[in-house]
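Have a look at the structure below before the remarks.
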Amino acid sequence: MMKKQLIICLMLLLASAAQAQSTLKVVPVMKKGEVRSYVSETINNTAGNNIKITQQTDYTIVDVTDSGYVVDLVCTSINTEADVDNITKKLLSLNESMMQNAHIRLATDKEGKPIKILNYEEVRQNTENVLNKIVNEILAELPDMGNLISKEAMLEKARAQMDEEKILSGIQKSASPLALNGKTLNNTTEEDYVNAIGLKMKRRYTVNGNSVIAKSVMNMDKSDLKQLILTQMKAAIPSMKETEILDIDMLMDSGMLTFQMDEEATYELLDNGWVKSIKTITNNKMMGQSSSITCTVTLK
């Protein structure tokens, strides 16, 4: 009996050790002319208002080079459902017009990791055209905003998020069909990154066969958050002087300027390295406002 229990314990220890040491190298098999179509459904719940966006994006391998691959991303359809105010509906409609048939051509390395946007100028110009329409719509609906920040200042703030490095980083760091490419993952893998709104995050991975869970939490102390808030306030209202900014420490201590964010993304991979599905849940609490975003991405 004792011998049998010892054998069972040893087997459990070996199984635990094997799981802890499980390593996954993500390198999808890419062939010229191959098309992978992914359908995403994103539900954003903020203050009880739901916005649902469904879109299809086709990933086409258009070329194979000595250094990697050329991949086209094209949004072939997008649909938005929302019960929101009039201005938000108009902005969502403009977002649809920007995304419909939006085209990004990426160069990847030999492991499929995106390293360059080959049609960046086209992407920048198309995005700027829509941004002009969005800013005009905001100022038409909220004319008093023009007294706080000029149209050009609003556009300049938006342009700062459109440089190639930031767009490419968004593709690499967000939960997407290309995000894991080139990574070697196990249950001890961690990475630090900065998300789209400037928050420092830490991501930890768990690997189980072809399943990968990526959990992200904020990795910022009070001084980091204070600096981020000051930077964003100055960027939002360039004319604001430091002496006009309220006591940030007092507001942070009161909870009025609380920033919290966490994200969990679950990837299911095919044996050929391509993503089969992704489910991402993101929880935010900013300025006392809570929101959650759930996104599922599925290979057709």
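Projecting the Cα positions of GLY288, ASN208, MET98 onto the charge dipole of the chain (unit charges on Cβ atoms of Lys, Arg, Asp and Glu, taken about the Cα centre) puts ASN208 furthest along the positive direction.
Specify the residue with the greatest mean-square fluctuation among GLN260, GLN172, GLN125, computed from a Gaussian network of the chain linking alpha-carbon atoms under 10 Å apart. Result: GLN125 has the largest fluctuation of those listed.
Once the Cα atoms of helix 222-236 and of the chain are each reduced to a long axis, what angle between those two axes, in degrees from 0 to 90 to the nearest 10, is obtained? Long axis of 222-236 versus the principal axis of the chain: about 40 degrees. With no solvent and one point on each alpha carbon, what is the Debye value of log10 I(q)/I(0) for segment 47-105 at q = 0.15, 0.18, 0.24 Å⁻¹? Summing over Cα pairs of segment 47-105 leads to -0.56, -0.68, -0.93. Would you work out the relative contact order for the chain, in percent, from Cα pairs under 8 angstrom that are 6 or more residues apart? Reported as a whole number, the value is 19 percent.
For the chain, the longest principal axis of the alpha carbon atoms and the long axis of helix 86-99 meet at an angle near 60°. Basic side chains Lys and Arg get +1 at the Cβ, acidic Asp and Glu get -1 at the Cβ, and with that the dipole of the chain about its Cα centre reaches some 1160 debye. Take SER290: with every protein chain present and a 1.4 Å probe, its accessible area is about 70 Å². Computing percent of Cα pairs over 36 Å apart for the structure here picks out one of (1) 11; (2) 26; (3) 22, namely (2). With protein chains left intact and a 1.4 Å probe, residues in segment 148-300 average 53 Å² of accessible area per residue.
Calculate what fraction, in whole %, of the accessible area of the chain sits on carbon and sulfur atoms when a 1.4 Å probe is rolled over the protein chains. Carbon and sulfur together cover 55 percent of it.
Axis angle, to the nearest 10 degrees, between helix 2-20 and the longest C-alpha principal axis of the chain: 40 degrees.
The values are calculated or read from the model by the stated rules, or taken from the named source; none is laboratory data. Here the structure is a predicted model, which means the values were calculated and not measured. Positions of Cβ are backbone-derived with ideal geometry, glycine not excepted, and every protein chain shown enters the neighbour counts. Just the protein is used for accessible areas: all its heavy atoms, side chains included, with ligands, DNA and RNA removed. Shrake-Rupley method; radii C 1.70, N 1.55, O 1.52, S 1.80 Å.
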